[in-house]
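The structure appears below as structure tokens.
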Amino acid sequence: MAKKNILCIGAGYVGGPTMAVIADKCPDYRVTVVDINQSRIDAWNSDKLPVFEPGLAEVVARCRNRNLFYSTDIPGEIKRADIIFVSVNTPTKTFGYGAGKAADLQFLEKTARSIVEYADSDKIVVEKSTLPVRTAQALSRVLHANTKGIHFQIVSNPEFLAEGTAIADLESPDRVLIGGMETPEGRKAMEEVSAIYENWVPKERIITTNIWSSELTKLVSNALLAQRVSSVNSISALCERTGADIDQVTAAAGRDKRIGARFLKAGLGFGGSCFKKDILNLVYLCEHYGLPEVAAYWEEVVKLNDYQAKRFVENMLGAMFNTVADKRIGVLGFAFKADTGDTRESPAIAVCRQLLEEHAELFIYDPKALENAKQDMIGYQKVHFCEDPYDALKGVHAIVVATDWQCFKDLDYQKIFDDMEKPAFIFDGRNLLDRKKLFEIGFNIYGIGKKPLTKF
Ligand code: NAD
Ligand code: UDX
């Protein structure tokens, strides 16, 4: 018999990989992932998983139907579970009060109501989703509005995985954060959650805090990371005006141990489903708690990010004689970062839409994100999706590098140059390619925070 039955509600980018690694590392726990989306569950049960992550397919293959199950039987699995992780989506609200900033907690509340409806014994409910600080209070009220005498312990256990490296992040996390109520029952629930991770995470990396600190730490961690990206991107604009080179500046600044070398890469701006939404959530919370100066400080991180994509397109226009109308532009990459098929909030979306507004014609290639790209560009004319990078770049006036896929470095740029309109332009939005080599081939090459290398 399984030591414990773990259930995860929400089979997305977080619930899917996280539970696969828990099942892998804890063979004596029975782990089930449920979702209201039947096709997502079908995909988790098939050879074509709904999420692309390096190493994920191997982990799933080892555990599926052993101690890892994907199901839509939400009532049955809630009844069976001892510990329920809630990993549903918490997007930015698009309507009503707080629209554009606050987190939309309807999916969380609906999940809580399902738990209340179907549970017939006490349970630990773990907040895995990223939530506004003090959500546990509301969650507790919904869960305890039951007349069955059932008690729920709420634990916060935010997830810090990054897409593209999710399996490595889960297998070797910098830290696991567990927040709980400061009562004997609360501490016992935290220990039960900690016991899961102790199967493979060294105990000194498991941090326990009060529940509000845990909820807030998740928002703050994402805000601090995004702030670094916006800080560097702001300086990239100054580099372009002054002749300084952003990679040289960040490499030298990052050598200071207090600053650190990571997360200082200039680019088109941060994308992904988390950074923007979580900072806006933080902004909303600060406003709600009467801290307008603090709110304004964090909001600038998002504004600067929007500016960066806009600035990139303006630079393109300037270089291409102030018009891209009817020009063909090849776009390398659409995912918000390399090694994922996820395009949520990808800066490629903003760049492509602006170019289409300027009447360019786009040819998009991405190794993993083309299906999502098609959804993002629904309603736009003059946009083509190519299965082969050379098809996307044949005969174009300019190339945009929108994602840092390493495979873009290995393309045959001489062949691409020979097939392009002249003058041939590359706008490297990720400072990914070898500028000198491309310049020698004959390209005019523009990066971020760098002096352009041009033939005129
Ligand atoms: P996602 O949209 O990929 O997955 C959420 C899933 O929850 C969907 O499949 C949806 O159908 C399901 N769902 C919604 N309501 C449900 C209900 N009532 N019952 C059952 N299933 C329901 O989202 P995600 O990217 O996995 O993110 C989930 C949470 O984790 C969010 O709060 C996010 O902020 C946080 N997070 C995400 C990442 C990331 O890299 N994507 C990293 C850390 C934390
Ligand atoms: C982020 C957090 O890193 C992770 O801890 C959290 O759990 C979820 O949100 P994710 O969005 O998946 O993860 O990827 P991340 O590697 O953080 O990149 C976010 C965006 O910032 C990407 O668009 C990336 O290209 C960009 N970025 C990152 C930069 O532009 N420069 C950098 O130096 C780092």
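The values are calculated or read from the model by the stated rules, or taken from the named source; none is laboratory data. Keep in mind it's a predicted model, so treat the numbers as computed, not measured. FYI the Cβ positions are ideal-geometry reconstructions off the backbone, even for glycines, and counts take in every protein chain you see. To get the accessible areas, we keep the full protein, side chains included, count just its heavy atoms, and leave off ligands, DNA and RNA. Shrake-Rupley method; radii C 1.70, N 1.55, O 1.52, S 1.80 Å.
Just to be sure before I move on: is LEU143 within 16 Å of ligand 2 (Cβ to nearest atom), under 30 Å from LEU280 (Cα atoms) and out of contact with any Pro (no Cβ under 6 Å at 6 or more places or on another chain) in the structure I sent?
Answer is no for this residue.
Would you kindly identify the helices (runs of 4 or more DSSP H) lying entirely within the stretch 289-400 that contain at least 2 residues that are touching a residue at least 60 places away in the same chain (Cβ under 8 Å) and open to solvent by 50 Å² or more (accessible area, probe 1.4 Å)?
Counting at least 2 such residues, we get 292-319.
Sort through GLY267, GLY271 and tell me the only one that's modelled with pLDDT of 95 or more, in contact with a helix residue (DSSP H, G or I) (Cβ under 6 Å, 6 or more places away or on another chain), within 16 Å of GLU163 (Cβ to Cβ) and outside any helix (DSSP H, G or I).
GLY271
Those residues that are farther than 21 Å from ASP82 by Cα and of a type in the set (Asp, Glu), I need them from the stretch 188-210; list them, please.
Matches in the stretch 188-210: GLU204 only.
Under 7 Å by Cβ, and 6 or more places apart or on different chains, what pairs join a residue from the stretch 147-170 that is closer than 17 Å to LYS337 by Cβ and open to solvent by less than 40 Å² (accessible area, probe 1.4 Å) with one that is in a loop (DSSP other than H, G, I, E, B) and away from ligand 1 (no atom under 13 Å from the Cβ)?
Matching pairs, first to second residue: GLY164/ALA338; ILE167/PRO54; ILE167/GLY55.
Yes/no per residue for (1) on the phi > 0 side of the Ramachandran plot; (2) in contact with a strand residue (DSSP E or B) (Cβ under 8 Å, 6 or more places away or on another chain); (3) open to solvent by 50 Å² or more (accessible area, probe 1.4 Å); (4) within 16 Å of ligand 2 (Cβ to nearest atom):
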site: TRP200; (1), (2), (3), (4): no, no, no, no
site: GLU204; (1), (2), (3), (4): no, no, yes, no
site: ALA223; (1), (2), (3), (4): no, no, no, yes
site: ARG228; (1), (2), (3), (4): no, no, yes, yes
site: ARG241; (1), (2), (3), (4): no, no, yes, no
site: ALA253; (1), (2), (3), (4): no, no, no, yes
site: ILE259; (1), (2), (3), (4): no, no, yes, yes
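Within the set of pairs 6 or more residues apart or between chains, which connect a residue that is closer than 11 Å to VAL232 by Cα and small (Gly, Ala, Ser) inside the stretch 263-279 to a residue that is assigned to a loop (DSSP other than H, G, I, E, B) and open to solvent by 10 Å² or more (accessible area, probe 1.4 Å) with Cβ atoms less than 6 Å apart?
What qualifies is GLY267/ARG430.
What are the pairs with Cβ atoms under 6 angstrom where one residue, in the stretch 190-216, is over 17 Å from ILE154 (Cα atoms) and the other, located anywhere, is of a type in the set (S, T, N, Q) and buried (at least 17 other Cβ atoms within 10 Å of the Cβ)? Sequence gap at least six, or different chains.
Cβ pairs passing all conditions: ILE206/SER194.
In the stretch 114-131, how many are of a type outside the set (Gly, Ala, Ser), surrounded by fewer than 22 Cβ atoms within 10 Å (Cβ to Cβ) and within 14 Å of ligand 1 (Cβ to nearest atom)?
The qualifying residues number 3.
Look through LEU393, LEU438 and report the one residue that is within 27 Å of LEU238 (Cα to Cα) and hydrophobic (A, V, I, L, M, F, W, C).
From the options LEU393, LEU438, the qualifying one is LEU438.
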